[in-house]
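Step one of this worksheet: look at the structure below.
The values are calculated or read from the model by the stated rules, or taken from the named source; none is laboratory data. Predicted model only: the values in this text are computed from it and were never measured. Cβ: placed from backbone, ideal geometry, glycine included. Neighbour counts: every protein chain shown. Accessible surface is based on the protein model in full, side chains and every heavy atom, while ligands, DNA and RNA are left aside. Shrake-Rupley method; radii C 1.70, N 1.55, O 1.52, S 1.80 Å.
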Amino acid sequence: MLKSLCLTLSLALCASLPALSQPGKARSTMVLVRFHTDPPDAELSYNGNFLGTAEKEITLDTKPLGSTVEFTVSKAGYQPELLMIRLEQLKAGRAPVSGILKLRRSGWRGFLEAKAPVLGGFVLGLGVLGAFSLRQRKQSRELERREQMLAQIDRSDSLTAQTLGDFRLMNILGKGGMATVYKAVPAATMNPREAVAVKVLRKEIAESTEFMARFRQEAQVTNRLNHPHIVRLIDWGTERDYVYLVVELIEGGDLRSRLTGQPLPASEVWSALNAICAGVSYAHSQGVVHRDLKPENFLITQNGILKVADFGLARSEDQERLTATGTTLGTPAYMAPEQIQGSAPHPSMDQYAIGVIAYELVTGRLPFNAADP
């Protein structure tokens with residue numbers, strides 16, 4: 001930003017020649033003056049004759065001067081300015097009060113400095129208009145995005161396009177025996193980059209006290225678990241007779257989709273088992289047994305990170321049992337013998353399931369398989 005330079009021109013009588021104070025002699029017409037300027041090296045002239053520079057004493061002969069003395073103050077790069085002083089003030093030895101004389105720069109720089117206040121206001125006005133226009137465009141894009149998101153909603157289901165909690169349900173990602181999973185976005189922003197998965201419990205199941213207890217248990221258990229290889233719980237609650245969980249959206253598929261009946265490459269097997277064991281081991285350290293580990297419950301992000309999901313059958317080892325003695329929960333092909341027998345949950349059940357999964361990844365088939373569970 002160009003800075004205005006002010007030229008302070010104060011003229012002071014520094015000293016008169018000795019003859020001025022000697023009585024009986026002709027009064028001398030010579031005086032000594034010193035000009036103080038900013039910048040300090042400005043040049044002074046009279047009638048085109050150079051007198052000297054500021055901050056140095058200048059000898060003036062007042063005899064040829066008129067009643068009003070007009071000095072020219074100049075400096076390279078600045079426009080010349082005039083300084084007018086009455087002759088009586090010089091002769092009387094009184095320093096004239098000249099105030100502040102602004103010496104403007106020449107060329108475009110001088111123009112910009114002179115017009116700085118006006119230009120500043122103009123630029124400020126443009127900034128305000130630009131901000132307003134940007135806000136209007138942002139609002140327009142926001143409305144357009146909302147319309148596009150609403151147009152993508154699958155309305156074949158009664159819950160799509162509706163809001164649960166802070167989220168608008170968009171379309172169904174999958175259905176299971178206990179719940180339907182929806183892709184959703186924040187209702188306030190409709191921002192697809194903030195999409196989540198909302199798991200809504202089936203109404204007929206929600207009426208069961210036992211299954212409701214299990215669903216709430218999933219929320220409580222998952223809420224305690226904070227690990228990079230476990231799907232993160234965001235929110236949960238009930239609304240309009242619906243019970244729901246909000247979890248991070250994983251759109252890279254699941255481990256089951258990677259199984260084609262053929263052995264996987266050793267590097268993929270090693271990577272998957274590392275992630276599985278890390279997540280499950282952490283859950284065990286928190287006193288949580290999953291009890292339903294299977295390829296469908298390992299989700300893979302678009303960056304290839306595997307995460308353990310669906311703690312719907314999980315139960316803390318120290319929590320009261322929710323099912324009657326002898327009742328088995330889980331998927332038979334991956335269940336440990338003690339789990340089938342209805343024993344109390346123990347980490348060994350998850351370890352057995354991981355062993356079955358490892359076998360399937362390496363060979364492409366299950367160790368035990370039959371039509372009858």
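Data table
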read-out	value
Theoretical gain in end-to-end length, Thr59 to Arg256 [0.36 nm per residue, Cα-Cα removed]	60.7 nm
Residues listed by number, the range 184-200, amide nitrogen under 11 Å from Arg135 label point at 7 Å toward C-beta	none
Label point distance in nm, Ala187-Met30, each placed 7 Å from Cα along Cα→Cβ	9.7 nm
By accessible area with a 1.4 Å probe, ligands and nucleic acids excluded, highest first: order of Val362, Val356	Val362, Val356
Largest to smallest accessible area among Arg202, Arg193 [probe 1.4 Å]	Arg193, Arg202
Length gained when the stretch Ala278-Glu248 is fully extended (0.36 nm per residue, less Cα-Cα span)	8.9 nm
Cut-off 19 Å (backbone N to label point 7 Å along Cα→Cβ of Arg240), residues of the range 158-179	158-173, 179
Label-to-label distance, nm, for residues given as Lys203 and Ser158 (7 Å Cα→Cβ offset)	0.3 nm
